[in-house]
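I have placed the structure first, in the form of structure tokens, so that the comments after it can refer back to it.
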Amino acid sequence: MKTTPTYGIMAEFDSASDLVAAARKTHEAGYRKIDAYSPFPVEELAEAIGFHKNGVPLVTLIGALIGGISGYLMQYWMAAISYPINVGGRPFHSWPAFIVVTFEMTILFGGIAAVFGMLALNGLPMPYHPVFNVPRFAMATKDRFFLIVFSSDPKYNPTDTRRFLEGLKPRSISEVPS
Amino acid sequence: MADRVDDVEVANRRAPVIEPGYTFGTVTDKISAIVLKRPTSTGWFIGFGIAFMLTMMMLFAIGYLVVKGTGIWGINIPIGWGFAIVNFVWWIGIGHAGTLISAILLLLRQSWRNSINRFAEAMTLFAVAAAGIFPLIHTGRPWLAYWLFPYPNTMNYWPQFRSPLLWDVFAVSTYFTISLLFWFVGLIPDLATLRDRSENRWAQMIYGMLAMGWRGSARHWHRYETMYLLLAGLATPLVLSVHTVVSFDFAIAIVPGWHTTIFPPYFVAGAIYSGFAMVLMLAIPIRKIYGLEDFITDRHLQNSAKVMLATGWIVAYGYGMEAFMGWYSGNRYDSFLLWNRLHGPYQFFYYLLLICNIGSPQLLWIRKLRTNSFGLFMVSFVILVGMWLERFVIVVMSLHRDFLNSSWGMYYPTRWDWMTYIGTIGMFLAAMFLFVRILPMISIFEMRTLLPEAEVKAE
């Protein structure tokens, strides 16, 4: 693999529509290692850069199941095995009384798994990232939209890729140092 | 035909969710400038100062309580619950509106929520924090409160999972945790905006650390949106369960007036009722002081008023059913409770409760009042008082005269009860003052999605 001093080439756009159209064309042109940045969630964008699989629901489900099952078993073990208290001859395994805590544990673990799963899958926290080296990128959290082709893309070529991005009529183009 | 067109036009003439003319840039600047550019006003310092002093008063009252014990309060036998539980239920109910706005309205695609969800969530957090203080200090020995959690210990025991009081521990701590996560995760993209907009090195570093390197990648947004919807889906049953579990504290007991099946739905409706009243009491001054009328429009006030009117009627149905069952059940203790409410020593509070909670919201039928800030503010205040009285009526009036008249008694709160209660209001307000000063009180990125230019046009 060739090593290049650049991380990628970044193009800046004015609107979400322009960015989605540009991202689609880039993906159609055969670039696969690309990413797009927007100041708010744009539904069509992930699809446009060819990103479909999303692990968050599975992580949340696993978290919720762990919470619910362990919550119930915890109560069963504590109330029926480890520390049984005879209350008027009622059964030790009094399952209706255990539902509330089981439910709360399901929600708690599911919610924690959703948030921390999302952060982990996104690779956050990540205080440093090469895209922050582009001064104009500070506008990505305000009103500008960015598309990047990473230099690790097999089709990447400093001159050709730049020319291709210029053909998408961006507002500006910058090289991202790695 | 012409009539129908007119009707459609009238229907469309509702106030907009966001005033026209804004762009991504101006929305961002306007909300972030409140935190980054606007100088801290004298009014803020005065308001925060008063709230802070009230917080200190609360700490003083709690400190004295720890030294002396719960004997300094007005509680006694038979009224063992008193102000601590009244205030706990009141505060936790107020918290419910935040989760309702952020989670349930998100799932129902009510986009008007986008401009009020952030500070409503903050309100939830602070209200639940204020609520949590009361059961903690009501245990009498708060330094042993960790005994409530199941942890391996040398005493060789485990908590009693068949007790609704333990369910409450799990429900409230889960609610606080999930609300905190929901609020913080919603803040991440906005913290990144503040990181990029601020010129102060310290602010950049602090906001930057909290934003965790958020850069708005399409992959990140995709996972983020999935997570946000899932979290809303989890928080929706949670918020309904929390006040249900609180109502179990009462309904599982056999005390007359508590042992009823209507408690869970009636508590949840009451919680949302008081929560929206608090949202309005905060939103109306905030939008005026910070000039946010373009984002928190009359539409938001109207919609909140309508939610209050609807939940107010559910609460009224609850009162009606309680009274009806007192008569219809034929149970002498239940019918005595009804008599005691209408004619007993606390009758004044029961009638005041009916006026505040059933009478005052009927004013919201008037369209003029629903768009009048001052009128709404006053109605909300009256409703908050009414909801506090409701909990007073439930807790104190059921306990003070139950089955045996040899064990009847009266409850009079002491100055320490009042100091703790008013102190938690101060703590709540102090936290709100800090929140509006250092964090964006309106979700910037969700406001951007409301703008017409956010729509992706097909080629």
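The values are calculated or read from the model by the stated rules, or taken from the named source; none is laboratory data. Everything numeric in this text was worked out from a predicted model, so none of it was measured. Please note: Cβ atoms are built from the backbone with ideal geometry, for glycine as well, and neighbour counts cover all protein chains shown.
Annotations for the structure displayed:
- Hey, B:Gly216 in contact (Cβ under 8 Å) with a residue 24 or more places away in the chain, away from chain A (no Cβ under 14 Å) and not hydrophobic (A, V, I, L, M, F, W, C) or not: no
- Residue within segment B:324-341 that is within 25 Å of B:Gly98 (Cβ to Cβ), among the aromatic types (Phe, Trp, Tyr) and crowded, with 16+ Cβ neighbours inside 10 Å present: no
- None of B:Tyr157, B:Tyr151 is assigned to a loop (DSSP other than H, G, I, E, B), over 25 Å from B:Thr420 (Cα atoms) and facing chain A (nearest Cβ under 9 Å) except B:Tyr157.
- Of the residues screened, B:Tyr175 is not one that is surrounded by fewer than 20 Cβ atoms within 10 Å (Cβ to Cβ) and either assigned to a helix (DSSP H, G or I) or among the basic types (Lys, Arg) (or both).
- Qualifying position, being more than 8 Å from chain A (Cβ to nearest Cβ), assigned to a helix (DSSP H, G or I), more than 30 Å from A:Tyr76 (Cβ to Cβ) and under 25 Å from the mean Cα position of the chain (by Cα), among B:Leu194, B:Leu187: B:Leu187
- Checked against the criteria, B:Gly257 does not count as within 13 Å of another protein chain (Cβ to nearest Cβ) and modelled with pLDDT under 90.
- Some residue of segment B:245-264 being of a type in the set (A, V, I, L, M, F, W, C), closer than 28 Å to B:Trp167 by Cα, in contact (Cβ under 8 Å) with a residue 24 or more places away in the chain and touching a Gly at 6+ places or on another chain (Cβ under 7 Å): yes
- The requirement of being surrounded by fewer than 18 Cβ atoms within 10 Å (Cβ to Cβ), among the aliphatic types (A, V, I, L, M) and free of Cβ contacts under 8 Å to residues at least 60 places away in the same chain is not satisfied by B:Ala269.
- Residues of segment A:27-41 that are under 18 Å from B:Pro189 (Cβ atoms), touching a residue at least 60 places away in the same chain (Cβ under 8 Å) and not acidic (Asp, Glu): A:Ala36, A:Tyr37, A:Ser38, A:Pro39.
- Summed over segment B:345-371, the residues that are at pLDDT below 90, more than 21 Å from the chain's Cα centre (by Cα) and surrounded by 17 or more Cβ atoms within 10 Å (Cβ to Cβ) give a count of 0.
- B:Leu210 vs. criteria under 22 Å from B:Phe435 (Cβ atoms) and assigned to a helix (DSSP H, G or I): yes
- Taking the numbered list (1) in contact with a Lys or Arg (Cβ under 7 Å, 6 or more places away or on another chain); (2) modelled with pLDDT of 95 or more in turn, A:Ala97 passes all entries but (2).
- Members of segment A:110-138 found to be within 9 Å of chain B (Cβ to nearest Cβ) and either polar (S, T, N, Q) or in contact (Cβ under 8 Å) with a residue 60 or more places away in the chain (or both), listed by number: A:Gly117, A:Met118, A:Leu121, A:Asn122, A:Val131, A:Phe137
- Candidates A:Thr102, A:Thr106, A:Thr60 - the one that is more than 9 Å from chain B (Cβ to nearest Cβ), more than 30 Å from A:Ser174 (Cα to Cα), surrounded by 15 or more Cβ atoms within 10 Å (Cβ to Cβ) and not aliphatic (A, V, I, L, M): A:Thr102
- Condition check for B:Gly257: assigned to a loop (DSSP other than H, G, I, E, B) and under 17 Å from B:Glu390 (Cβ atoms): yes
- Any hit, segment B:198-208, residues being surrounded by fewer than 19 Cβ atoms within 10 Å (Cβ to Cβ) and either touching a Pro at 6+ places or on another chain (Cβ under 7 Å) or at the interface with chain A (Cβ under 8 Å from one of its Cβ atoms) (or both): no
- Just one of the listed residues (B:Val128, B:Val169) is within 13 Å of chain A (Cβ to nearest Cβ), assigned to a helix (DSSP H, G or I) and at pLDDT 90 or above, namely B:Val169.
- The number of residues in segment A:139-178 that are within 12 Å of another protein chain (Cβ to nearest Cβ) and of a type in the set (Gly, Ala, Ser) comes to 1.
- If the condition is being touching a residue at least 12 places away in the same chain (Cβ under 8 Å), in a helix (DSSP H, G or I) and not charged (D, E, K, R), then segment A:142-166 contributes A:Pro158, A:Thr161, A:Phe164, A:Leu165.
- Against the test of being more than 20 Å from A:Pro170 (Cβ to Cβ) and either surrounded by 17 or more Cβ atoms within 10 Å (Cβ to Cβ) or within 12 Å of another protein chain (Cβ to nearest Cβ) (or both), the options A:Glu12, A:Glu47 yield a single qualifying residue, A:Glu47.
- A single member of A:Leu58, A:Leu73 is aliphatic (A, V, I, L, M) and under 32 Å from the mean Cα position of the chain (by Cα), and it is A:Leu58.
- In the set (1) within 14 Å of chain A (Cβ to nearest Cβ); (2) out of contact with any Lys or Arg (no Cβ under 7 Å at 6 or more places or on another chain), the condition left unmet by B:Thr28 is number (2).
- Which listed residue is of a type in the set (D, E, K, R) and surrounded by fewer than 18 Cβ atoms within 10 Å (Cβ to Cβ), from B:Arg448, B:Arg437: B:Arg437
- Residue within segment B:282-296 that is surrounded by fewer than 22 Cβ atoms within 10 Å (Cβ to Cβ), touching a Pro at 6+ places or on another chain (Cβ under 6 Å) and not in a helix (DSSP H, G or I) present: no
- Residue check for B:Val239: in a helix (DSSP H, G or I), away from every other protein chain (no Cβ under 11 Å), buried (at least 19 other Cβ atoms within 10 Å of the Cβ) and touching a helix residue (DSSP H, G or I) at 6+ places or on another chain (Cβ under 7 Å): no
- Of residues in segment B:429-457 being hydrophobic (A, V, I, L, M, F, W, C) and outside any helix (DSSP H, G or I), the one farthest from the other protein chains (Cβ to nearest Cβ): B:Met441
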